[in-house]
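Remarks on the structure that follows.
The values are calculated or read from the model by the stated rules, or taken from the named source; none is laboratory data. Bear in mind the structure is a predicted one, so any value in this text is a computation, not a measurement. Cβ: placed from backbone, ideal geometry, glycine included. Neighbour counts: every protein chain shown.
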Amino acid sequence: MTDNSSDADRDAQHSRTPGEGKTPESQPIEPSAPDEFGLVSAWWGDGKGKTTAALGMGFRAAGHGYRVHLLQFMKGGAASVEATRGEYNAIDVVSGFTYENSGHYGWHGLLDGSADDEHAARAQGALERARELVAAADEADLTAPLALDGEPDEGVHLLILDEILYAANRDLVDPDAVADLVDDKPDDLELVLTGGHERPAIADRADLVTNVRKEAHPFDAGHRARKGTEY
């Protein structure tokens, strides 16, 4: 026999939760505004998954109709990867999610034919671009929906600065300038920073700090970057 009182109690409990106890399902993406954005997240460490985690946050936010932009430092391409990146293809078909890349070919400090001075110049340019995006967000009403096809210069709800912490670790950009960027962000802008194997100087300013630690990595066994997992 069904315990109707227990069912009623459970239904009442579910009714007080955001999902009302319903099984999650997809819905059409419509412009919306977040109620609780405004935190700073920092993902660093020697393990794989920092950019992957940030992209996951971006796709999740875009799925709710929030405006998201990804600005990548340092990742300008390399001989070990193809020019096409899976994440860029996916971003292109998701409403409200955009990206731009400010990296130089190769990787700073490696004998890969790339110029370290150019890496520094590109990183400085990316930092200036990040300042522009933060200033644009400060001018926008982030408590309201933003056009999903609008330019990031018109404001975004979530800004991902991928590998900016790595650039700061390697002194390609001034760590104090990155700290100033965090301090200058508007209250309602959700800011995600990734990169680096050393604890970032802005860690004390962040609300979420995650150290992605390596226990094993395919690269250590001689594997190159794999299509669909690393790019």
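Going by the structure shown, is L172 within 20 Å of S95 (Cα to Cα), among the aliphatic types (A, V, I, L, M) and touching a residue at least 40 places away in the same chain (Cβ under 8 Å)? Let's see the steps before the verdict.
Working: within 20 Å of S95 (Cα to Cα): no; among the aliphatic types (A, V, I, L, M): yes; touching a residue at least 40 places away in the same chain (Cβ under 8 Å): yes.
So L172 fails the test.
So that you can scan it fast, the table gives a plain yes or no per residue for (1) under 18 Å from the mean Cα position of the chain (by Cα); (2) in a loop (DSSP other than H, G, I, E, B):
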{"residue": "H119", "(1), (2)": "no, no"}
{"residue": "Q124", "(1), (2)": "no, no"}
{"residue": "E132", "(1), (2)": "yes, no"}
{"residue": "P145", "(1), (2)": "no, yes"}
{"residue": "I160", "(1), (2)": "yes, no"}
{"residue": "Y166", "(1), (2)": "yes, no"}
{"residue": "V173", "(1), (2)": "no, yes"}
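Output the residues belonging to region 214-230 that are in contact with an Asp or Glu (Cβ under 7 Å, 6 or more places away or on another chain) and closer than 17 Å to G195 by Cα. Walk me through it before giving the result.
To start, the set of residues in region 214-230 that are in contact with an Asp or Glu (Cβ under 7 Å, 6 or more places away or on another chain) comprises 214, 227.
Residue satisfying the conditions is K214 alone.
Which of the residues that make up region 106-142 are small (G, A, S) and either within 14 Å of I164 (Cα to Cα) or modelled with pLDDT of 85 or more (or both)? Write out each step before concluding.
The first filter runs over region 106-142 and keeps only residues small (G, A, S), leaving 106, 109, 113-115, 120-121, 123, 125-126, 130, 135-137, 140.
Listed by number, the residues that qualify are A120, A121, A123, G125, A126, A130, A135, A136, A137, A140.
Answer with yes or no whether D153 is acidic (D, E) and within 30 Å of P31 (Cα to Cα). Give the steps one after another, and end with the answer.
On the way: acidic (D, E): yes; within 30 Å of P31 (Cα to Cα): yes.
Yes: the conditions hold for D153.
Which of the residues spanning region 59-87 are at pLDDT below 95 and either more than 22 Å from E132 (Cα to Cα) or loosely packed, with under 15 Cβ neighbours inside 10 Å (or both)?
Scanning region 59-87 gives G77, A78, A79, S80, V81, E82, A83, T84, R85, G86, E87.
Could you give every pair whose Cβ atoms fall below 7 Å, whose first residue belongs to region 210-231 and is more than 27 Å from P200 (Cβ to Cβ), and whose second residue is among the charged types (D, E, K, R) and loosely packed, with under 12 Cβ neighbours inside 10 Å, counting only separations of at least 6 or pairs across chains?
K227/E82
Can you tell me which residue within region 125-184, out of those that are among the charged types (D, E, K, R) and crowded, with 24+ Cβ neighbours inside 10 Å, is farthest from G38 (Cα to Cα)?
In the first step, residues of region 125-184 are kept if they are among the charged types (D, E, K, R); the result is 128-129, 131-132, 138-139, 141, 149, 151, 153-154, 162-163, 170-171, 174, 176, 180, 183-184.
From the residues that got through so far, the ones that are crowded, with 24+ Cβ neighbours inside 10 Å too are 162-163.
Working: D162: 18, E163: 20 Å.
Top of the filtered list is E163.
Results for (1) part of a loop (DSSP other than H, G, I, E, B); (2) at pLDDT below 95; (3) farther than 27 Å from V93 by Cβ; (4) basic (K, R), shown as yes or no for each residue.
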| residue | (1), (2), (3), (4) |
| --- | --- |
| D7 | no, yes, yes, no |
| G19 | yes, yes, no, no |
| P24 | yes, yes, no, no |
| S32 | yes, no, no, no |
| A42 | no, no, yes, no |
| M57 | no, no, no, no |
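Which of the residues that make up region 88-105 are more than 18 Å from G196 (Cβ to Cβ) and at pLDDT below 60? So that I can check it myself, show each step before the final result.
Filtering region 88-105 for residues more than 18 Å from G196 (Cβ to Cβ) gives 88-101, 105.
Within region 88-105, just Y105 meets the criteria.
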